[in-house]
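We did not get these values from a lab; they are worked out from the coordinates using the rules stated. Everything numeric in this text was worked out from a predicted model, so none of it was measured. Backbone-built Cβ (ideal geometry, glycine too); neighbour counts: all protein chains shown.
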């Protein structure tokens, strides 16, 4: 029982990270309709930027988080500039752009940050006991930051004018244009927000895992799985799927095999696609 | 009728030219040393993969991201049966293709009902799943170290070693020509017209009575067979396979080959394969930056030559024709 709860808690923490990445991806997808296979690379970059700030400039985690998120926003802005040039063309053009980005970002960070694994200093390693669960402060920070970020995103989309405009663009781009919403600008903000969230996930997890230039590949797979399971374009769906995937992965890894921990996720993805292609919370989109 | 026989003649001449190139090129390259002969073999294998992928991606318009995983299935199949049962390469070659088709058919039955992005995502799930199988099914695949000491091919008592580059080049080129021939025949048939109709507008194709699912399945199965065969070629030539041989980068390269060469054209993928294999080799002079530069090249190619090399050539030709027309006027 204790093992189960421990696995559940670990799954919840990693689920938070998946959640942030998937929300970032679904924000971008719902407005731009692109398969951004380079998405995980921004997770990797978030972690590396945090590491770089702490190791070379100031030994302050929160500053590192702030800089990583800002850098994510800037990278998102630049990425959108490239993607928008092939907007509306076939799926494969966008795919090719993401392929180019993967090559540039992965090999670029290998040149800048080195090919060996790095890890961000853990400023908050104190282990606490909450109920049955032993958990360190960094993990609590991940959970807290994720809850705040999700709440922020949901409130933004629900109540602010720009959030509503973005939802309108996602729902019907042309219709939104008719009422005076600039779709290009909405894509830009979606990219800035989406990539910033992904970079946040990277810098949050960096103190607990070792960074490698290739870690993004796996995260891209995870993020796509989550948004399909949750229903493409649904932020709440992506969040729930993120938690679910994290928990299933950890429990499967604890009881069966860590090497196969991702297998149930991909099987689940295929299943959802066959049985309910629109995902658990998805709506038909034009 | 006259027109048709003219076209057939033209095509036969192209095939003869292709065979001539396939015979002469290895002999010329051999003079420059074993390294470039190795590159030539790689180009051949990539060209087989890209040509077969083009059938489903270029002609049918389905973003099949599982191709390299099925290539891996072929490679592992031939390696495993050659090591365990000592089966000759000439028998493992078609078996690898058939096993890939068997697994690919199951995938196709599940995913080909999906469209666009959803199909692409389902295929990518399969890609991730297979890479996990290659790495973790240690008893069968040898895990992360992979399969070592895969027996060489042989004819009678004559063994074709890895260093016999010319013979290997001929084997690979023969399979490549066969692939091009089969894709050509499929495309210029009733099936091919159905596939192109699906690419242009799937709903419309369906409404005119085309069983889109089964036509997509035919394209998928044909493409998968050659993916499996090229896997067997690679495994036997290389003598070993590891999961790293079938990573996401390889899959990117094949798609890039199709795209840069020209999707939905017969020779585009071959030209693309030459570019994606050769360009990184040439860029090696830039040291560690070569993959970054290659990435920039791919983005530039997508933005400025969306129809690939073949598209550029066609455009240039049209321009030339127009200029000549003007000159006549």
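Computing FRET efficiency as 1/(1 + (r/R0)^6) for residue A:156 and residue B:113, where r is the C-beta to C-beta distance and R0 is 30 Å, gives about 0.25. Separation of the stretch B:1-79 from the stretch A:83-131 is 34 Å, based on Cα centroids. Averaged over the residues of peptide A:263-272, the number of Cβ atoms from other protein chains lying within 10 Å of each residue's Cβ is 4.
Cβ-to-Cβ counts within 10 Å put A:161, B:163, B:216 in ascending order as A:161, B:163, B:216, the fewest first. Just to be sure I understand: with springs between alpha-carbon atoms less than 10 Å apart, which residue in A:235, A:195, A:74 has the highest mean-square fluctuation in the Gaussian network model of chain A? In the Gaussian network model the winner is A:74.
Taken along its three principal axes, the alpha carbon spread of the stretch A:64-143 comes to 54, 29, 22 Å, from the longest extent down to the shortest.
Here the scattering of the stretch B:91-141 is modelled by Debye summation over its C-alpha atoms, one equal scatterer each and no solvent; at q = 0.19, 0.20 Å⁻¹ the log10 of I(q)/I(0) is -0.77, -0.82. All Cα-Cα separations within the stretch A:1-128 were binned at 10 Å from zero, giving a P(r) of 11, 34, 32, 18, 5, 0, each value a whole percent of the pairs. With the convex hull of its Cα atoms as the shape, the protein assembly as shown has an orientation-averaged projected area of 33.0 nm². The calculated FRET efficiency for the pair residue A:70 and residue B:196, based on their C-beta separation and a Förster distance of 60 Å, comes to about 0.80.
The alpha-carbon positions of the stretch B:63-196 define a convex hull whose volume is 133 Å³ per residue. For chain A, set up a Gaussian network in which alpha carbons nearer than 10 Å are linked by springs, and say which option among A:224, A:256, A:29 fluctuates the most. For chain A, modelled as a Gaussian network with Cα springs under 10 Å, the answer is A:256. Note: the stretch B:195-329, Cα convex hull, 180 Å³ per residue. Using the Cβ-Cβ distance between residue A:90 and residue B:39 with R0 = 41 Å, the FRET efficiency computed as 1/(1 + (r/R0)^6) comes to roughly 0.85. In vacuo Debye scattering of chain A, one point per C-alpha: log10 I(q)/I(0) at q = 0.10 Å⁻¹? After summing over all Cα pairs, the log10 values are -0.51. Mean-square fluctuations from a GNM of chain B, with a 10 angstrom spring cutoff on Cα atoms, peak among B:97, B:295, B:261 at B:295. Placing a label point 7 Å from the Cα of residue B:84 along the Cα-to-Cβ direction, the residues of the stretch B:106-146 with a backbone N closer than 12 Å are B:138-142.
Each of A:200, A:12, B:178, B:53 has some number of other Cβ atoms within 10 Å of its Cβ, and from fewest to most they run B:178, A:12, A:200, B:53. If you take the alpha carbon atoms of the stretch B:200-278 and fit the smallest convex hull around them, that volume is 120 Å³ per residue. For the stretch B:2-328, the spread of Cα positions along the three principal axes, ordered from largest to smallest, is 66, 50, 46 Å. Taking only the alpha carbons of the stretch B:44-91, we obtain Rg and Dmax values of 13.6, 40 Å in that order.
Ignoring everything except DSSP H segments at least 4 long, calculate the 222 nm mean residue ellipticity for chain A; use -39,500 (n - 2.57) per segment, divide by total residues, nearest 500.
Details: 11 runs with 208 residues, N = 286.
The helix-only estimate for chain A comes to -25000 deg cm²/dmol at 222 nm.
Taking neighbour counts of Cβ atoms within 10 Å as a proxy for exposure, in what order, fewest first, do B:85, A:243 appear? Mind showing how you got there, number by number?
On the way: B:85 10, A:243 19.
Lowest to highest Cβ neighbour count: B:85, A:243.
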